[in-house]
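FYI, it's all coordinate maths here, none of it is from the lab. Nothing here was measured: the structure is a model prediction, and the numbers come from that model. With ideal geometry, Cβ positions are generated from the backbone for all residues, glycine too; neighbour counts draw on all protein chains shown.
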């Protein structure tokens with residue numbers, strides 16, 4: 001399977017990884033080489049074989065529907081590259097998630 | 001007290017309990033060794049103060065006669081395990097500054113058992129690699145060198161820092177993770193023991209995810225017994241990992257009875273790959289003879305799907321990785337590279353934060369999961385995976401475990417095999433099948449290559465039968481009598 005530059009650019013966009021124009025050609029060659037090598041799986045007859053997604057016992061375990069975690073906003077925000085600190089004196093005060101002890105991950109504006 | 005770092009874990013534990021030396025003394029000896037080992041670049045973060053605090057608590061318990069299984073044992077942690085409040089990097093730029101607010105289940109268990117945390121070890125970025133050269137924090141050097149050749153060698157990967165630290169006596173034991181061989185191959189390259197338990201035996205909770213259906217936490221140590229003791233402390237059911245097995249944890253060390261008489265040892269024909277180096281084949285044959293001499297019965301078996309394991313793995317693992325690594329977006333933790341829009345921020349952050357091998361695997365994974373290719377690549381690989389597991393199940397109807405080489409070569413020089421990703425992937429030839437099938441497997445040092453470097457043999461067992469794997473591993477250890485030492489030993493003895 002030979003990938004061209006446009007295909008690599010498309011995959012990179014799906015993966016949210018910015019690539020320079022100059023990186024596309026060498027990556028196309030490299031990824032094509034890897035995909036070619038994977039093509040050998042086509043030799044295997046897998047008709048009537050169900051795909052195996054895990055070796056763990058089928059079925060997810062159930063548990064009581066109770067709260068096991070939470071109330072740890074400070075811990076969750078502690079590693080954010082940019083966060084609006086909690087407390088009543090920061091940031092806007094309106095909106096469904098705001099309140100007297102709000103804390104937010106800060107991101108570039110997403111709504112025009 | 002001299003010679004403390006030359007003790008095995010079992011010996012150190014006995015010495016601590018009889019108070020021949022204190023946990024504080026042992027911790028100080030290992031901290032000094034860890035510092036002397038800095039040229040190897042095996043540690044990303046040293047936690048000497050924490051080690052001394054933990055050792056002091058162990059000494060209180062040891063003095064009070066209430067010692068826990070690992071009290072006072074200095075352990076290095078692969079920097080893929082989240083450690084509360086301690087920098088956790090996965091050797092990636094994208095996790096810059098990340099201090100987890102929680103502790104992984106496996107490390108929690110080790111500290112509960114009295115283990116002493118020495119530091120966090122270097123690895124291939126996100127555990128993706130077989131050489132430890134993809135780390136954002138630089139390559140790790142193998143403490144072994146070829147006699148008469150001063151070129152630094154790779155320690156293997158991805159648990160290369162853990163393997164190098166244990167081999168250089170800069171840690172008594174270490175944690176690793178094995179997704180396609182990342183415990184066993186570095187153990188082989190560094191002349192130590194590495195054990196990948198059964199999938200589900202050790203919780204993955206709090207381990208930075210690479211490929212969730214293939215990731216196996218496990219121990220690296222200098223002897224089979226030490227690995228058994230470590231596994232006992234690391235294993236156990238964890239409700240926080242839905243794939244964790246709700247099974248009792250046996251006393252693995254007690255399984256080392258020495259006897260393997262009557263065990264049937266499968267020797268998989270297909271592992272005799274074309275182009276297998278003569279020294280690997282000779283070592284393997286020697287291993288078969290050792291087990292025969294110990295009363296086991298070698299039986300040639302067939303695993304017809306073997307040659308497809310590697311390409312299936314290199315579809316499934318990147319697919320899972322591309323999904324797992326989607327969380328690194330510059331919003332909640334780690335690196336952020338600003339952009340005018342949210343998408344631009346994601347794209348710039350991930351371009352700057354991921355190294356070339358991680359990017360390559362995320363792109364491959366994204367491709368094989370994308371519309372139009374999902375069936376042809378991803379589902380096909382999962383079907384082949386089912387056939388590989390079926391091969392093993394059929395083999396285990398006639399044998400109790402399998403014997404194979406761990407890796408197709410000894411350690412190579414830093415810089416070799418860098419130009420072609422597939423040449424690097426071939427390192428995982430003999431280790432990947434046990435990951436796809438979730439089976440327990442151990443690598444035990446068994447001899448030296450023609451150029452004087454350690455080579456391991458691998459024992460693969462039935463699911464949840466680590467005991468047989470350990471017992472046969474110990475038989476190999478005893479027969480091999482591997483007493484060679486690396487050119488660099490940081491410990492004093």
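So for each of B:172-179, B:188-195, B:156-163 I average, over its residues, the number of other beta carbons within 10 Å; can you give me the resulting order with the highest mean first?
Sorting B:172-179, B:188-195, B:156-163 by mean packing, highest first, produces B:156-163, B:188-195, B:172-179.
Once you sort the root eigenvalues of the Cα gyration tensor of the range B:298-426 as a ≥ b ≥ c, which label holds: rounded (a/c under 1.5), prolate (a/b larger than b/c) or oblate (the other case)?
It comes out prolate by the Cα gyration axes.
Take every Cα-Cα pair in the range B:1-136 and report what % of them are more than 27 Å apart.
Tail of the P(r) past 27 Å holds 22 percent of the pairs.
Taking the DSSP beta bridges in the protein assembly as shown as the whole, what percent of them are antiparallel, to the nearest 5?
70
Out of the DSSP beta bridges found with both residues in chain B, what percent are antiparallel (nearest 5)?
Beta bridges within chain B, antiparallel portion: roughly 65 percent.
Between Rg and the Kirkwood Rh of the range B:81-199, both from Cα atoms, what is the Rg to Rh ratio?
0.97
Highest first, please rank the peptides B:136-146, B:269-279 by the mean number of other Cβ atoms sitting within 10 Å of their residues.
Ranking, from highest mean packing down: B:136-146, B:269-279.
Let me check I have the definition right: for chain B, take the eigenvalues of the Cα gyration tensor, multiply each by 5, take square roots. What are those semi-axes in whole Å, largest first?
31, 29, 21
Return the Rg/Rh value of the range B:214-349, two decimal places, where both radii are evaluated on C-alpha atoms and Rh is the Kirkwood radius.
Across the range B:214-349, the Cα-based Rg/Rh ratio is 1.12.
Taking other Cβ within 10 Å of each residue's Cβ, how do B:240, B:78, B:417, A:109 sort, fewest first?
By the 10 Å Cβ count, ascending: A:109, B:240, B:417, B:78.
Compute the FRET efficiency between residue B:278 and residue B:340 as 1/(1 + (r/R0)^6), taking r as their Cβ-Cβ distance and R0 = 56 Å, and round to the nearest 0.05.
Efficiency for this residue pair is about 0.40.
Which percent of the Cα-Cα distances in the range B:59-138 go past 14 Å?
64
What ranking, highest mean first, results for peptides B:37-45, A:45-53, B:288-296, A:10-18 when packing means the other Cβ atoms within 10 Å averaged over each residue?
The packing order, highest mean first, is B:37-45, A:10-18, B:288-296, A:45-53.
Using a Förster distance of 41 angstrom, determine the FRET efficiency expected from the C-beta separation of residue B:423 and residue B:237, and round it to 0.05.
After rounding to 0.05, the efficiency reads 0.55.
Tell me, what is the Rg over Rh of the range B:388-447, with Rh the Kirkwood radius over Cα pairs?
Result: Rg/Rh = 1.05.
To the nearest whole number, what is the average tally of beta carbon atoms from other chains within 10 Å of the beta carbons of peptide B:180-189?
0
Can you tell me the relative contact order of chain B? Whole percent, Cα pairs under 8 Å, sequence separation 6 or more.
About 19 percent, as a whole number.
Would you kindly work out the equivalent ellipsoid of the protein assembly as shown from its C-alpha gyration tensor and give its semi-axes, the square roots of five times the eigenvalues, largest first in whole Å?
With the √(5λ) rule applied to the protein assembly as shown, the semi-axes are 36, 32, 23 Å.
Using a 10 Å cut-off on Cβ to Cβ distances, tally the other chain neighbours for every residue of B:338-348 and report the average as a whole number.
Partner Cβ neighbours, averaged per residue: 4.
Per residue of A:30-40, how many C-beta atoms from partner chains lie within 10 Å of its own C-beta, taken as a mean?
Across the residues of A:30-40, the mean count of other-chain Cβ atoms within 10 Å is 6.
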